[in-house]
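Accompanying notes for the structure given below.
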Amino acid sequence: MLETVQKTTDLSARERFVTVAAELFARNGYDGTSIRDIAREMGVTPGAVYAHFVSKAGLLLAVYKTGVERISSAVDEEIHASTDPWTNLERACWRHLEVLVAENGFAKVVIRVLPTDIEEVAGELTTLRRQYEERFRRLIDALELRAGTNRNLLRLQLLGALNWTQVWYRAEHADLADIAHALVENLRRGTEIQDGDA
């Protein structure tokens, strides 16, 4: 495993590097952003960045971790808000969407940078994604669905739809809670056990 983040007592400086890197990675892409670009944006030398992170991949990992922590925290607040599993899933989707469309680079990086894109930290990025997605696995496992429903594909379908929202969503056209409701209701109509099902 790559040891990416060096120990430092100046956490506020580290957090500023991570925030600036998130914005630049989101705007210009990982490959289109250099350590020199991040340093220039911060008004420091590249060496100052390397004092906190041993590589650009290490800085990406810190951005990814922060992004996953933010979206995980938001969704975790909703997971046990109701005893009804469909309601919990809808609320989790709503909070997921809220974080995705917020004006910050972290969510964009988490969604748009695939672990396989950055071989140096692919394992760590994959683990972070899986840890987050496990919440949706549990939420979908709690649903009473028709026999034969592929829960894994259902989860991937839902996450794909949620994540793509970041591309087309405009606040003036739709409410996030309404979008979450519609997505979950469509899944429910197609998969929930109906009267007469065996």
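The values are calculated or read from the model by the stated rules, or taken from the named source; none is laboratory data. The shown structure was predicted, so the numbers you read here are calculated from the model rather than taken from an experiment. Virtual Cβ from ideal backbone geometry, glycine too; neighbours counted across all protein chains shown.
Among SER34, SER72, SER55, which is the only one that is in contact with a helix residue (DSSP H, G or I) (Cβ under 9 Å, 6 or more places away or on another chain) and either within 22 Å of TYR132 (Cβ to Cβ) or β-branched (Val, Ile, Thr) (or both)? Steps first, answer last, please.
Working: SER34 fails: either within 22 Å of TYR132 (Cβ to Cβ) or β-branched (Val, Ile, Thr) (or both); SER55 fails: either within 22 Å of TYR132 (Cβ to Cβ) or β-branched (Val, Ile, Thr) (or both).
None of the other options fit; the residue is SER72.
Would you confirm, using the coordinates I've provided, whether ALA26 is aliphatic (A, V, I, L, M), out of contact with any Gly (no Cβ under 8 Å at 6 or more places or on another chain) and modelled with pLDDT under 95?
Judged against the criteria, ALA26 is not a match.
For the stretch 96-133, give me each residue that is closer than 17 Å to GLN166 by Cα and assigned to a loop (DSSP other than H, G, I, E, B).
Listed by number, the residues that qualify are ALA102, GLU103, ASN104, VAL113, LEU114.
Looking only at residues in the stretch 130-164 that are within 17 Å of ASP76 (Cβ to Cβ) and among the aromatic types (Phe, Trp, Tyr), which one is surrounded by the fewest Cβ atoms within 10 Å (Cβ to Cβ)?
Only one residue fits best here, namely TYR132.
VAL167 versus (1) surrounded by 15 or more Cβ atoms within 10 Å (Cβ to Cβ); (2) under 30 Å from ASN28 (Cα atoms); (3) among the β-branched types (Val, Ile, Thr): which is the lone unmet condition?
Of everything listed in (1) surrounded by 15 or more Cβ atoms within 10 Å (Cβ to Cβ); (2) under 30 Å from ASN28 (Cα atoms); (3) among the β-branched types (Val, Ile, Thr), VAL167 misses just condition (1).
Considering only residues of the stretch 45-59 that are in a helix (DSSP H, G or I) and either in contact with a strand residue (DSSP E or B) (Cβ under 9 Å, 6 or more places away or on another chain) or among the polar types (S, T, N, Q) (or both), which is farthest from GLU119 (Cα to Cα)?
LEU59
What are the residues in the stretch 80-120 that are of a type in the set (A, V, I, L, M, F, W, C), in contact (Cβ under 8 Å) with a residue 60 or more places away in the chain, within 22 Å of ILE140 (Cβ to Cβ) and surrounded by fewer than 18 Cβ atoms within 10 Å (Cβ to Cβ), if any?
TRP86
Against the definition (part of a helix (DSSP H, G or I), surrounded by fewer than 22 Cβ atoms within 10 Å (Cβ to Cβ) and touching a Pro at 6+ places or on another chain (Cβ under 7 Å)), how does ALA39 come out, yes or no?
yes
Could you tell me which numbered condition VAL75 fails, if it satisfies all but one of (1) under 18 Å from HIS181 (Cβ atoms); (2) surrounded by fewer than 17 Cβ atoms within 10 Å (Cβ to Cβ)?
Here VAL75 clears every test but (2).
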